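The values are calculated or read from the model by the stated rules, or taken from the named source; none is laboratory data. Owing to the predicted nature of the structure, the values given are computational and were not obtained by experimental measurement. Here Cβ is always computed from backbone atoms with ideal geometry, including for glycine, and neighbour counts include all displayed protein chains.
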Amino acid sequence: MGDSFEIARSRMVAMQLAMRGIHDARVLEAMRTVPRHLFVPPAVRHYAYTDQPLTIGEGQTISQPYIVALMIQMLSLQGHEHVLEIGTGSGYQTALLCQLARHVYTLEYYPRLAGRADRILSRLGYENLDIHVGDGSQGLPDMAPFDAIIVSAAAPALPGPLRSQMTETGGRMVIPVGSRQDQHLERITRQHNTWQIEQTERVRFVPLVGRYGFHASSDAADDVAGV
């Protein structure tokens with residue numbers, strides 16, 4: 001079974017990522033290395049390397065591999081960065097970030113998901129991370145600033161606290177912004193008191209819950225790409 005997962009992972013990288021424009025060699029190698037099947041529920045493990053999001057509980061998903069790779073590539077990580085991840089989810093993206101950055105601070109709204117991700121990441125030997133539970137829309141001001149921020153849930157607008165927690169020179173953030181039903185990925189780059197916003201791919205993520213996100217009591221849209 002291990003060999004079949006390795007073959008499926010290599011095929012995923014070649015067919016779903018490289019052929020669709022993912023060109024960052026470090027991102028491709030991380031995607032080739034991290035065992036995505038260990039982060040999904042056993043019932044859907046055989047779909048781990050297909051080009052689709054998968055349900056992980058609490059109304060959340062693990063995003064399709066292409067979206068994960070695209071968002072991480074947009075961060076332009078070199079290896080020295082301190083990264084803030086909003087939406088730990090399954091922990092899969094966290095593992096990729098741990099391989100590509102110096103340290104990862106990851107924040108999850110749902111305690112059960114955070115606990116499960118923590119157990120998997122610990123079992124795989126990742127140590128350059130801290131997992132927190134709380135309102136992701138407010139970030140982690142006590143640990144700021146961050147060289148890079150990645151948000152794995154859709155916000156109605158760019159959350160002010162996250163914007164302020166970006167490193168003043170060269171800080172960048174990738175976040176889906178829009179309505180519950182329709183969003184675009186935005187790449188924000190900070191230079192002192194100027195934030196440059198680049199709108200890219202059209203996507204559909206689960207909603208960001210919290211003070212600067214969507215209200216938890218509202219009806220959630222079906223997601224195409226999630227946490």
Practice task
Give the number of residues within the stretch 79-95 that are outside any loop (DSSP other than H, G, I, E, B), out of contact with any Asp or Glu (no Cβ under 7 Å at 6 or more places or on another chain) and closer than 17 Å to ALA153 by Cβ.
Solution key: 4
Completion exercise
When the stretch 118-159 is checked residue by residue, the ones that are touching a helix residue (DSSP H, G or I) at 6+ places or on another chain (Cβ under 7 Å), crowded, with 18+ Cβ neighbours inside 10 Å and without any contact (Cβ under 8 Å) to a residue 40 or more places away in the chain are LEU121, TYR126, LEU129
Practice task
Report yes if GLY91 is farther than 19 Å from GLY136 by Cβ and either in contact (Cβ under 8 Å) with a residue 12 or more places away in the chain or in contact with a strand residue (DSSP E or B) (Cβ under 6 Å, 6 or more places away or on another chain) (or both), otherwise no.
Solution key: no
Problem - Positions within the stretch 44-57 being in contact with a helix residue (DSSP H, G or I) (Cβ under 6 Å, 6 or more places away or on another chain) and surrounded by fewer than 15 Cβ atoms within 10 Å (Cβ to Cβ), in sequence order - result: ASP51
Practice task
Only strands (runs of 3 or more DSSP E) wholly contained in the stretch 133-226 count here; list those with 1 or more residues that are modelled with pLDDT under 95 and within 15 Å of the chain's Cα centre (by Cα).
Solution key: 194-203
